[in-house]
Amino acid sequence: MPVVTRIAPSPTGDPHVGTAYVALFNYAFAKRQGGRFVLRVEDTDRARYVAAAEARIIDVLRWLGLAPDEGPGIGGEHGPYRQSERLAIYREHVDRLLAEGHAYRAFETADELDAMRLEQQRRGIDPGYDGRGRGLDPVEQRRRADAGEPHVVRLRTPDEGHTTFHDLLRGDVSVPNAEIRDTVLLKSDGYPTYHLANVIDDHLMGVTHVVRAEEWVVSTPLHVLLYQAFDWTPPVFAHLPLLRNPDANKTKISKRKMDTSAESYRAQGILPEALVNFLATMGWSMPDGREVFTLEEFVAAFDLERVSLGGPVFDLKRLRNLNARYLREVLSLEAVAERVAPWLVERGHDPSDEDYLLDVVDVLRPRAETLAELAEQADYFYVERVSYDADARRRLAAGQSYLEDLEREFSRLEFFDDDAIDDLLHDYVQRQAVPLGKVLMPLRVALTGTSQAPAVVDLVAIMGRGRTLTRLGQALQAIQEGLPDDDPERLKAEAEAAAKAAAAKGKRRPPMPAERS
RNA sequence: GGCCCCUUCGACUAGCGGUUAGGUCACUACCCUUUCAAGGUAGCGGCACGAGUUCGAAUCUCGUAGGGGUCACCA
């Protein structure tokens, strides 16, 4: 029997990294076993439903390379794959449970249930549905339902004994039946709850392995009870550890405490390869200890039993570091250039000169952790003129005479290549008898507007004679117009403006160009 | 609080009875160096605790502690 796994997200908002994480492991397990990976949309909560969410989830899965074999908009033999389109199926199965006495209709109102909980709280007993509707005569249940009285359908659960299931990762897990309430299967709006829909769909869709997050462990016995009621064989269960916040207690990953949106990482210039690689190291490791590997390598080596159970903290620093490694080591120069190009366009640049782009990326990629940072630093290679911050102004003013000399020297330089530029610079400082840095820093600032930039020789060589001379001219003009380190008022105003601009920029949502579609 | 699960450096992890407890990120120092990075070298730092089993426990058992999850007509 072929392995079938599934990812069953609820379309309620931003595609969650936790969804991507569980999808990754389901995908890898299915592919490794030569099986199928199914996407099922659990849209049974009308209140939290977000129409656009489904498409965004599919988009994120594709971006990560985790395209499902079956799912809404994809097709497959077991559709429909949206639970809202399977209502008749649930209805039919609920009728069967009702007929066989495994379930009953309960007519308590929300107010009544609230009162019940309050009372339980007051008396200090465990809260939860107490089974008060169980005793109602089935004929009476039917009559009231037919009369249009609002009701839910609940599972009749045993009061004594234990229900046990086998978790592939933790062994047998046993829960006292007294802890398992007569849970709602069908809501009063006719929609199924997760518990009911998930069991029916997994069975009907032929899901062989339910690989999901740890938060489902305690409700799995309830699902087992449902499988028993239907007289179905349950699938194999494996519960993955929960991704955690980087807070002191390592609580379950949450939007409040960190960025949980997969799209957001994409928008920050995190590569899908890096995100997948990072997620794969959450609770899992390569047998040979490799830490950088592709999705294909992950699938080839994947083994559910290597999953470790301690909840892994989602550490941004590690993600960014991994992304940086992809940028400078894993991907080819051409590949990185291809990825950044849309980001440059987004910033208003024209990256169509491929050789220039390659040079720019080559020199910048050891200095950037994300595509966004790379693109941002590339600005000074593409803008018409750079602007100088306060520090840059000081350095320019200090180097005025050198810049004048260099402008002349560069304009006379016959072969404008790396070696020639290097020789020129060294000859010049020797003649002037000044330290190299004293000359190079003003030049660097003139070319880029900032003191933190690649090697000057690289900058000059990449920018070429034309750009170099233009920048030098602009810098000298700026100096003449009085860019003062002698005017504290003006410097202060500049600093404030820069701080304000930086703050505004930080707030703006970063662009997300289409890349690697 | 009841129930369930978990527990190796700050973080991610290797380890599955005998290891100087290994690697990666982060951090620190040094080297390289025209700045910033990158790179190189080194360092810091861990088996939660207590019993038991065993010739021998990070590895097996039990207990304690700590952490997490869950107790909805949400998934």
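For A:P221, the conditions (1) more than 7 Å from RNA strand B (Cβ to nearest atom); (2) assigned to a strand (DSSP E or B) are fulfilled apart from (2). The set of residues from the stretch A:90-129 being farther than 24 Å from A:E42 by Cα and among the β-branched types (V, I, T) comprises A:T109, A:I125.
Of all the listed residues (A:R143, A:R181), the sole one being open to solvent by 60 Å² or more (accessible area, probe 1.4 Å) and more than 37 Å from the chain's Cα centre (by Cα) is A:R143. Against the test of being farther than 30 Å from A:M258 by Cα and within 7 Å of RNA strand B (Cβ to nearest atom), the options A:R170, A:R244, A:R181 yield a single qualifying residue, A:R181.
With respect to (1) more than 19 Å from A:G464 (Cβ to Cβ); (2) away from RNA strand B (no atom under 15 Å from the Cβ), the lone exception for A:R412 is condition (1).
Checked against (1) touching a residue at least 60 places away in the same chain (Cβ under 8 Å); (2) more than 19 Å from the chain's Cα centre (by Cα), A:W343 passes all but condition (2). Those helices (runs of 4 or more DSSP H) of the stretch A:431-517 in which at least 1 residues are closer than 24 Å to A:W343 by Cα and modelled with pLDDT under 55, considering only elements entirely within it, cover A:488-507. Restricting the stretch A:53-68 to residues that are open to solvent by 60 Å² or more (accessible area, probe 1.4 Å) and not small (G, A, S) leaves a set whose member that is farthest from A:A280 (Cα to Cα) is A:R56. Answer yes or no as to whether A:V50 is touching a Ser or Thr at 6+ places or on another chain (Cβ under 7 Å), open to solvent by less than 10 Å² (accessible area, probe 1.4 Å) and of a type outside the set (S, T, N, Q). Here the answer is no, as A:V50 does not meet what is asked.
Every residue, every condition in (1) within 11 Å of RNA strand B (Cβ to nearest atom); (2) open to solvent by 40 Å² or more (accessible area, probe 1.4 Å), yes or no:
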site: A:F314; (1), (2): yes, no
site: A:R318; (1), (2): yes, yes
site: A:L322; (1), (2): yes, no
site: A:S332; (1), (2): no, yes
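Filtered by the rule that a residue be in a helix (DSSP H, G or I) and of a type in the set (V, I, T), the stretch A:292-350 gives A:V299, A:V330, A:V336, A:V340, A:V345. Of A:G101, A:G34, A:G79, all but one fail to be away from RNA strand B (no atom under 16 Å from the Cβ), part of a loop (DSSP other than H, G, I, E, B) and either open to solvent by 80 Å² or more (accessible area, probe 1.4 Å) or within 30 Å of A:D159 (Cβ to Cβ) (or both); the exception is A:G101.
The values are calculated or read from the model by the stated rules, or taken from the named source; none is laboratory data. The structure displayed is predicted, hence computed values, not measured ones. Cβ sites come from the backbone with ideal geometry, for glycine too, and all protein chains shown count toward neighbours. Please note that ligands, DNA and RNA were not included when accessible areas were found on the heavy atoms of the full protein model with its side chains. Shrake-Rupley method; radii C 1.70, N 1.55, O 1.52, S 1.80 Å.
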